[in-house]
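Worksheet: the structure to be examined is printed underneath.
The values are calculated or read from the model by the stated rules, or taken from the named source; none is laboratory data. Everything numeric here is computed off the predicted structure, so don't read it as measured data. So basically every Cβ, Gly included, is an ideal-geometry build from the backbone, and we count neighbours across all protein chains shown. With ligands, DNA and RNA removed, areas are computed over all heavy atoms of the protein, side chains included. Shrake-Rupley method; radii C 1.70, N 1.55, O 1.52, S 1.80 Å.
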Amino acid sequence: MTDRGTDVGLAAKGGDEQPGDHILGTVAGYATFGALGLIVPFLIFSEPDSGRSSGWVMTFVILIVSALRLSMLVAAGERRLFEFIFWVFSYVFFGLAPTVQIRADRMPTTTLDLDPTLDGPTAALAMGGVVSFAIGFAFAHRNSGRALRPPKSHAIHRGRLVLLTIAGFAATGYYLSRVGPANLFTSRAEFADVENQLWPDPTVGAIVGAASAVPILIAAHGWWNITRDAPRKSAGRIVASVLTGVSLLVTNPFSSARYHFGVIWGSFLGPLGAYSTRRRTSITMVGIIVGLLFLFPIADLFRRRDTVNAIRTGFLTEYEGNGDYDAFGQLSNALLMTETTPLQPGRQLVGLLLFWVPRSIWPDKPNGTGVVLAEFRGYNFTNLSAPIWAEMLVNFGILGVLVLSGLVAVGLGRLDRNYSATGAYGVGAIAAAVLPFYLLILLRGSLLQAMGTLVLIVLSLVFISTRSGPAPGPAADPVSGPGSDGRDSHRSGPA
């Protein structure tokens, strides 16, 4: 069950490794497969098949393959968070949800009138994407057992971190002064109405919202990082605590979208040391799976004004007809669109790259792919997701899905290796704590809506970064390498 690949610089290679960690990881891995690959299928097959189509057979294969890979990652206890999040997404959105929906003939209410004859081709396309991702990850980790040259480490520049902190407080203060702090604890629907009134242009609204949350988040991580060994009551730790509190307040479970709430709150698992050993990594992975399957639905309780959506008659009912799990339906719509309308290669990609251009300046700017698919089908509700394979499909066709899926996986796998090599030090540690959780939003789509926040995360990381030489590995001095003057690089890692 254990994945034998070992990344350079993994924290578990150090002195924190305990003799029982491998045993605990193996047990956790088997338990994960028992729950995801045996108990969940038992629940699925305990319900009758509606006979809508046989497309569920292939989505069920995706479920089993994803469960197996997740159990291997849990057993290994390696910090391959990008790969882990991908398989979580694959399990839930292209395995569990569509299998339940097709067998019950209760497709998402947001993607009406899906053609049953497209269930099989859609499932086959999803499987092709999964296989391409798996090949890409395997390629990225093919040399993981060999000694690798450590990647360059980027330490945190204290002066620029102070500037980011000031900018973060200013942006968050402006945002709160406009929306009103009391509205942070209203329902998501009410809060969205307030934002839409203040910033009618969706692009502007998305940028303002991202600016209110991202700089202060990265600043909080930065201060935890450079005050790892500081006394608990030091000024740096006090600043880190205040920034963390403000970040968790602004992006809270009441008024924030569940995926954004999960990114912000989940990112602080890194500073808490959740991945510092194999044992902790395995336990954290299990916790993330449990959170997505059981806590994620609870976070939807106060989605709408004056309504508490607490009706749950069973585990599977969360997925039946639920628009939150419309990835399969939107991929089906994308397949239908590419079969019935001329392909416009790269059109959506151009809109993605130029996301920052306001629609008032560029009236014909492409909408997000989720909106495009909804308008193609004539849906009244257009705020829909578009999984990454739907994005690839409408831009470059089926071949594009298969090729690009593998290339994206290679990139993500190398990020896993690099962030494991840099361990708990510097800007890499912040990126490794935040970006894997944001990957779930990128995979679900649509990318146009998600791009503003991603770019701001990357720019914030680049702004506070300073080159400090090779990343500290297991044989290196556990102090972040010095910068050009020896003063702007700090030892960093979990608080």
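Of the residues ILE398, ILE441, which is under 22 Å from PHE89 (Cα atoms), touching a helix residue (DSSP H, G or I) at 6+ places or on another chain (Cβ under 6 Å), part of a helix (DSSP H, G or I) and among the β-branched types (Val, Ile, Thr)?
Exactly one residue qualifies, and that residue is ILE441.
I'd like to check something: does the range 476-488 contain any residue that is in a loop (DSSP other than H, G, I, E, B), at pLDDT 85 or above and either surrounded by fewer than 24 Cβ atoms within 10 Å (Cβ to Cβ) or in contact with a strand residue (DSSP E or B) (Cβ under 7 Å, 6 or more places away or on another chain) (or both)?
Checked against the condition, which is being in a loop (DSSP other than H, G, I, E, B), at pLDDT 85 or above and either surrounded by fewer than 24 Cβ atoms within 10 Å (Cβ to Cβ) or in contact with a strand residue (DSSP E or B) (Cβ under 7 Å, 6 or more places away or on another chain) (or both), the range 476-488 yields no hits at all.
Just checking, does the range 366-375 include any residue being open to solvent by 10 Å² or more (accessible area, probe 1.4 Å), touching a residue at least 60 places away in the same chain (Cβ under 8 Å) and touching a helix residue (DSSP H, G or I) at 6+ places or on another chain (Cβ under 7 Å)?
Checked against the condition, which is being open to solvent by 10 Å² or more (accessible area, probe 1.4 Å), touching a residue at least 60 places away in the same chain (Cβ under 8 Å) and touching a helix residue (DSSP H, G or I) at 6+ places or on another chain (Cβ under 7 Å), the range 366-375 yields no hits at all.
Rundown of residues vs (1) part of a helix (DSSP H, G or I); (2) open to solvent by less than 50 Å² (accessible area, probe 1.4 Å); (3) under 21 Å from LEU456 (Cβ atoms); (4) of a type outside the set (Phe, Trp, Tyr), yes/no style:
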position: SER212; (1), (2), (3), (4): yes, yes, yes, yes
position: ILE216; (1), (2), (3), (4): yes, yes, yes, yes
position: GLY222; (1), (2), (3), (4): yes, yes, yes, yes
position: ARG237; (1), (2), (3), (4): yes, yes, no, yes
position: SER241; (1), (2), (3), (4): yes, no, no, yes
position: SER247; (1), (2), (3), (4): yes, yes, yes, yes
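Take the residues in the range 250-267 that are more than 16 Å from the chain's Cα centre (by Cα) and crowded, with 19+ Cβ neighbours inside 10 Å; name whichever of them is farthest from LEU81 (Cα to Cα). Reasoning before the result, please.
Taking the range 250-267 first, the residues more than 16 Å from the chain's Cα centre (by Cα) are 250, 252-255.
Checking the rest, the ones that are also crowded, with 19+ Cβ neighbours inside 10 Å come to 250, 255.
Values: VAL250: 25, SER255: 27 Å.
Here the residue is SER255.
Can you tell me which residues in the range 171-210 are open to solvent by 30 Å² or more (accessible area, probe 1.4 Å) and touching a strand residue (DSSP E or B) at 6+ places or on another chain (Cβ under 9 Å)?
ARG188, GLU190
Any residue at all in the range 183-196 that is more than 22 Å from LEU248 (Cβ to Cβ), outside any loop (DSSP other than H, G, I, E, B) and modelled with pLDDT under 95?
yes
Starting from the range 43-65, take each residue that is closer than 15 Å to ALA126 by Cβ and list its partners that are in a helix (DSSP H, G or I) and basic (Lys, Arg), counting only C-beta distances under 8 angstrom and pairs at least six apart or across chains.
That search, which allows pairs on different chains as well, returns TRP56/ARG103.
Output the qualifying pairs, or none if there are none: Cβ atoms under 7 angstrom, residues six or more apart or on different chains, first residue in the range 240-255 and on the phi > 0 side of the Ramachandran plot, second residue at pLDDT below 90 and surrounded by fewer than 21 Cβ atoms within 10 Å (Cβ to Cβ).
none
Please verify whether the range 350-366 includes one or more residues that are at positive phi and either modelled with pLDDT of 85 or more or among the acidic types (Asp, Glu) (or both).
No, that holds for no residue.
If you scan the range 421-465, which residues turn out to be touching a Gly at 6+ places or on another chain (Cβ under 8 Å), of a type in the set (Val, Ile, Thr) and either modelled with pLDDT under 85 or open to solvent by 30 Å² or more (accessible area, probe 1.4 Å) (or both)?
Within the range 421-465, just THR422 meets the criteria.
Six or more apart or on different chains, Cβ atoms under 8 Å: show the pairs whose first residue is in the range 170-196 and small (Gly, Ala, Ser) and whose second is in a helix (DSSP H, G or I) and surrounded by 14 or more Cβ atoms within 10 Å (Cβ to Cβ).
ALA171/ALA211; ALA171/SER212; ALA171/PRO215; ALA171/ILE216; GLY180/VAL194
Looking at the range 292-321, which of the residues that are of a type outside the set (A, V, I, L, M, F, W, C) and within 18 Å of THR186 (Cβ to Cβ) is modelled with the highest pLDDT?
From the range 292-321, those of a type outside the set (A, V, I, L, M, F, W, C) are 297, 300, 303-307, 309, 312-314, 317-321; that's our starting set.
Of the ones still in play, those that are also within 18 Å of THR186 (Cβ to Cβ) are 300, 303-307, 309.
On the way: ASP300: 62, ARG303: 59, ARG304: 57, ARG305: 54, ASP306: 49, THR307: 48, ASN309: 50.
In this case the residue turns out to be ASP300.
Within the range 379-402, identify whether any single residue is under 17 Å from the mean Cα position of the chain (by Cα), hydrophobic (A, V, I, L, M, F, W, C) and surrounded by fewer than 23 Cβ atoms within 10 Å (Cβ to Cβ), and answer yes or no.
No, there is no match, as no residue in the range 379-402 is under 17 Å from the mean Cα position of the chain (by Cα), hydrophobic (A, V, I, L, M, F, W, C) and surrounded by fewer than 23 Cβ atoms within 10 Å (Cβ to Cβ).
Taking the condition in a loop (DSSP other than H, G, I, E, B) and either within 30 Å of GLY51 (Cβ to Cβ) or open to solvent by less than 30 Å² (accessible area, probe 1.4 Å) (or both), does THR117 pass? Lay out the reasoning, then the answer.
Values: in a loop (DSSP other than H, G, I, E, B): no; either within 30 Å of GLY51 (Cβ to Cβ) or open to solvent by less than 30 Å² (accessible area, probe 1.4 Å) (or both): yes.
So THR117 fails the test.
Name the single residue that is modelled with the lowest pLDDT among those in the range 268-283 being buried (at least 23 other Cβ atoms within 10 Å of the Cβ) and not in a loop (DSSP other than H, G, I, E, B).
The qualifying residue modelled with the lowest pLDDT is ARG278.
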